[in-house]
């Protein structure tokens, strides 16, 4: 592993985020979601139009991880309330999982949130109840706060734990 660098995403990075998501998301959820639901969620979360809307209208901020010139992962977070932030996405290329890039991105998101909000606040995230990343989030200090079954359209649901931590 080379030197990992993190930088804030700009609108010009949308196509790269979109392309990376297609390498990560379907692989990550292949044993949890049907191909149809995965394809639906990819369009819902990762079409270039929706990524642009997230960044320009919804306040999502993306941090990108690079190994040299190669983007290897990303994290996004969003302010949801005065003292509440939501970690929307955190993904690393499948062949780079286990290289501690998830921890690097997780800590980078906390640092970025603390830069915006120096006082105490809560960070939450959704994780699919059957996703092996659940153990990663617990290792990073998060705990289960509640369980949700959120309809996302087309008859699909996100069957998640909401995990949280004070930062």
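The values are calculated or read from the model by the stated rules, or taken from the named source; none is laboratory data. Owing to the predicted nature of the structure, the values given are computational and were not obtained by experimental measurement. In this analysis, Cβ positions are derived from the backbone assuming ideal geometry, glycine residues included, and neighbour counts consider all displayed protein chains.
Of 123, 163, all but one fail to be within 17 Å of the chain's Cα centre (by Cα), touching a residue at least 40 places away in the same chain (Cβ under 8 Å) and buried (at least 17 other Cβ atoms within 10 Å of the Cβ); the exception is 123. Among the residues of region 57-77, write down those that are over 18 Å from residue 25 (Cβ atoms) and either crowded, with 20+ Cβ neighbours inside 10 Å or touching a residue at least 24 places away in the same chain (Cβ under 8 Å) (or both). If the condition is that a residue be over 18 Å from residue 25 (Cβ atoms) and either crowded, with 20+ Cβ neighbours inside 10 Å or touching a residue at least 24 places away in the same chain (Cβ under 8 Å) (or both), then 61, 66, 67, 68 are the ones that fit. For region 22-48, a residue qualifies if it is part of a helix (DSSP H, G or I), closer than 16 Å to residue 157 by Cα and more than 15 Å from the chain's Cα centre (by Cα), and the qualifying residues are 35, 36, 37, 38, 39, 40, 43.
Any residue that is surrounded by 12 or more Cβ atoms within 10 Å (Cβ to Cβ), farther than 26 Å from residue 163 by Cβ, modelled with pLDDT of 95 or more and in contact with a strand residue (DSSP E or B) (Cβ under 6 Å, 6 or more places away or on another chain) - is there at least one of those in region 80-90? Within region 80-90, not a single residue is surrounded by 12 or more Cβ atoms within 10 Å (Cβ to Cβ), farther than 26 Å from residue 163 by Cβ, modelled with pLDDT of 95 or more and in contact with a strand residue (DSSP E or B) (Cβ under 6 Å, 6 or more places away or on another chain). Restricting attention to region 151-160 and to residues that are in contact (Cβ under 8 Å) with a residue 12 or more places away in the chain and either out of contact with any helix residue (DSSP H, G or I) (no Cβ under 6 Å at 6 or more places or on another chain) or not in a strand (DSSP E or B) (or both), the residue that is surrounded by the fewest Cβ atoms within 10 Å (Cβ to Cβ) turns out to be 153.
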